[in-house]
1. Mind listing whichever residues of region 75-86 are surrounded by 12 or more Cβ atoms within 10 Å (Cβ to Cβ) and in a loop (DSSP other than H, G, I, E, B)?
2. Every residue in region 1-24 that is loosely packed, with under 12 Cβ neighbours inside 10 Å and modelled with pLDDT of 95 or more, please.
3. Quick check on residue 101: is it closer than 20 Å to residue 53 by Cβ and either at pLDDT 95 or above or among the aliphatic types (A, V, I, L, M) (or both)?
4. In region 99-129, how many residues are of a type outside the set (Asp, Glu), out of contact with any strand residue (DSSP E or B) (no Cβ under 8 Å at 6 or more places or on another chain) and in a helix (DSSP H, G or I)?
5. Taking region 45-73, which residues are assigned to a helix (DSSP H, G or I) and either surrounded by 24 or more Cβ atoms within 10 Å (Cβ to Cβ) or of a type in the set (S, T, N, Q) (or both)?
Amino acid sequence: MTSQNHERVPSSVRNLSVLLVEDSRLLTDRLREAILNVPGAQLAGTVDSESEAVATLERMPVDVVLLDIHLRHGTGFGVLRALTSGRHDNVVAIVLTNHDLGEYRRAAAELGARHFLDKMRDFDRLPSLLQEIGSRTGAFAPAKESVST
């Protein structure tokens, strides 16, 4: 199920839009809080299955997909495959999983994941990583104002 965040940021700043793909309710709540505590970050939605994630990506543009490998239905690898379709070239994929296995890291990297984090060890790195992505992609740069004459 997709949920929208209506947190406001100053109009001079473009939001960093994050889609959260996670099947654990407890972790979803913790991740939502972590994302929303990053100034300028916006939670575009939360889903818990591969098909919901792919459908959401087709409906709305996002800057970041934060996903688990094992989902309620399907896998994060399927979501990563959907991101390689060419329509989502600018989306930054971050895998956050309890399954920190070498073969998972390699497969995720081959499918375009730019970051692979262990839920237990790397959870606290997420806010600074989102800040870095927002700065690098220009999401946190002042928006250009239109001038009327």
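1. Across region 75-86, the qualifying residue is only 84.
2. Hits for region 1-24: nothing passes.
3. Details: closer than 20 Å to residue 53 by Cβ: no; either at pLDDT 95 or above or among the aliphatic types (A, V, I, L, M) (or both): yes.
Against the criterion (closer than 20 Å to residue 53 by Cβ and either at pLDDT 95 or above or among the aliphatic types (A, V, I, L, M) (or both)), residue 101 does not qualify.
4. 7
5. To start, the set of residues in region 45-73 that are assigned to a helix (DSSP H, G or I) comprises 50-59.
Across region 45-73, the qualifying residues are 51, 53, 56.
The values are calculated or read from the model by the stated rules, or taken from the named source; none is laboratory data. Computed from a prediction, not measured in an experiment: that's the story for all the values here. Quick reminder, even Gly has a Cβ in these numbers, built from the backbone with ideal geometry, and neighbours come from all protein chains shown.
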